[in-house]
Amino acid sequence: MRTQSPVEQALQASELRAAFLRYTREAYALLPALERPRILDLGCGSGSATIELARLSEGQIVGIDTDASALAELQRRIDEEDLGDRVRALNASLFDVAWADQSFDLLWEEGVLHLLDPAQSLPACQRLLEPAGFFVMHETVAWFEGVRDHLGTIGLGIFNQLLLPGRCWWTDYYAPLEARIRAFRKEHGDVESAELAQHEREIAMVKADPDRFDCGFFVLHRSRDSARSS
Ligand SMILES: C[S@@+](CC[C@H](N)C(=O)[O-])C[C@H]1O[C@@H](n2cnc3c(N)ncnc32)[C@H](O)[C@@H]1O
């Protein structure tokens, strides 16, 4: 079993992340009924959304990520919830997977695509999607607006969307995380930790301009025509 580092134990960032699963559930409810869908959770991390998707659907779910430590946490949760017959954690990059075209009915991603070059990542995702499949992205509104036109050119049209309350990533995640880090540092002194430093970099970025991190779930639908022409 993977043991949490002292920093993880003190901060419990995963508990803060879990509060956002209510939006994952609301976004899933925007989809039409999908019968036993094949779902890819791209950049699943430790699998908050992956496990939630298993609860929401009766589908087969693969979570892929390049972070072995996060995947170990997902595997622990798969085992704990006895989901091994439906959920798989795979150490792979979106750009290296060997799946056939149209392998999934639903692609899901939360906070991943903005890290990648859309000119490469969006076609790589579209290729994996079944004709008439769905693609749900949880990203900032600003990022989504920047790729909206490109999505149209590869046959992905907007089907629905869920805009999250303004600044909620700041108020419900980064601000409480900042308070927990402050308390941790007060107790443990000025410790050097790559994990803490990474959290602090993100906090500083979001705190500087919380409105820029207003987010939504964008539900895209692949049109059958685009599948024929691709
Ligand atoms: C901000 S985290 C989001 C994790 C998770 N989706 C969540 O919402 O908790 C971004 C994740 O994308 C993963 N990632 C980045 N590039 C990737 C790639 N090319 N293929 C698969 N995963 C990738 C990272 O390792 C990281 O776990």
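Every number in this text was worked out from the coordinates using simple rules, so none of it is lab data. Keep in mind that what you see is a predicted model, and the values were worked out from it rather than measured. Please note: Cβ atoms are built from the backbone with ideal geometry, for glycine as well, and neighbour counts cover all protein chains shown.
Points to keep in mind about this one:
- Rg/Rg_ref, segment 65-199, where Rg_ref = 2.2 N^0.38 Å and atoms are Cα: 1.30
- Note on the chain: GNM, Cα springs under 10 Å; of Ala49, Ala204, Ala92, the largest mean-square fluctuation is that of Ala204.
- Three-way shape label, the chain, alpha-carbon gyration tensor, a/c 1.5: prolate
- Over the chain: helical MRE at 222 nm, DSSP H runs n ≥ 4 each giving -39500 (n - 2.57), nearest 500: -13000 deg cm²/dmol
- Average Cα contact separation per residue, segment 1-137, under 8 Å, 6 or more apart, as relative contact order %: 23 percent
- Cα-centre dipole for segment 106-230 with unit charges at Cβ (Lys and Arg positive, Asp and Glu negative), debye to 20: 300 debye
- The label-point distance for Ser5 and Arg88, in a model that sets each label 7 Å from Cα toward Cβ, rounds to 3.0 nm.
- Annotation for His188 and Leu115: the two label points, set 7 Å from Cα along the Cα-Cβ direction, are 2.2 nm apart.
- Extension gain for Ser14-Arg36 works out to 5.1 nm (0.36 nm per residue, less the C-alpha to C-alpha distance).
- Dipole orientation for the chain: of the candidates Pro131, His188, Tyr23, Pro131 has the Cα lying most toward the positive pole (charges on Cβ; Lys, Arg +1; Asp, Glu -1).
- The listed peptides 181-193, 107-119, ordered by packing as a protection proxy, come out as 107-119, 181-193 (highest mean of other Cβ atoms within 10 Å first).
- Protection proxy ranking of 167-179, 79-91 - average other beta-carbon atoms within 10 Å, highest first: 167-179, 79-91
- Backbone HN-Hα couplings from phi across segment 118-130 [Karplus 6.51/-1.76/1.60, Hz, Gly and Pro as x]: x, 4, 9, 6, 5, x, 4, 6, 4, 4, 7, 8, 4
- Spacing of the modelled spin labels on Gln198 and Gln161, each 7 Å from Cα toward Cβ, amounts to 3.0 nm.
- The phi-based Karplus calculation (6.51 cos²θ - 1.76 cosθ + 1.60; θ = phi - 60°) puts the 3J(HN,Hα) values of segment 4-9 at 6, 5, x, 5, 4, 4 Hz, whole numbers, x for Gly and Pro.
- Sorting the segments 130-141, 60-71 by their mean number of nearby beta carbons within 10 angstrom, highest to lowest, gives 130-141, 60-71.
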